[in-house]
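These notes are about the structure you will find just below.
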Amino acid sequence: MMAEQAGLSEHLLELLGGSHAHLDFERAIAGLPAELRGSRPPGLPHTPWRLVEHMRIAQWDILQFSIDPTHVSPEFPGGYWPEADEPPDPSAWDRSVVAFRTDLRKMMDLVADPGTDLLAPIPHGQGQTILREALLVADHNAYHLGQLVTVRRLLGAWSGEA
């Protein structure tokens, strides 16, 4: 990576990891009772499950687009959301959380890789760069983590300060 991009990479990694002004994923999901994962507060369209699974799908899609020229994105918008309000089986939440963490780590590894030119257009894209895709992941995650905290507050399942 060019020297002038090293500092940019560090800032992106902090942003992706949820430091400073952003709540991180681990804090947002910590201590959420299993029985509330499929609960929807009155007046809101999402449950914790729908938000976590949506974040996982969108992040996976952005990562795959960034690294795989043969990747085909899900149909928009329906393909980016789970069908049901609650996890389809008892282990679905854990699988989604592990996959989210894994793909976030892969995106961070891509950004941290000295061989990644953050500003070069992705060859199979339409002008997108790794910088743009990493910012998109960070922005999308921050938005939905904020929603998750709101849902948890309304369900009476949030004790944090965010």
Additional length obtainable on full extension of the chain from ALA120 to ARG105, 0.36 nm per residue less Cα span: 3.3 nm
Fully extended contour minus Cα-Cα distance, from VAL98 to ILE67, at 0.36 nm per residue: 9.2 nm
Estimated inter-spin distance, SER91 and ALA6, nm [label 7 Å along Cα→Cβ]: 4.4 nm
Inter-label distance for ALA21 and ALA34, nm, one decimal - labels placed 7 Å from Cα along Cα-to-Cβ: 3.9 nm
Convex hull of Cα atoms in region 3-154, direction-averaged projection (nm²): 9.6 nm²
Segment SER159-GLU75, extension gain: residue separation times 0.36 nm, minus the distance between their alpha carbons: 26.6 nm
Alpha-carbon centroid distance for the pair region 82-98 / region 4-39, whole angstrom: 19 Å
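Since every read-out is calculated from the coordinates, none of them should be taken as a lab result. Just so we're clear, the structure is a prediction, and the values are computed from it rather than from any experiment. A quick note on method: Cβ atoms are made from the backbone with ideal geometry, for glycine too, and the neighbour counts reach across all protein chains shown.
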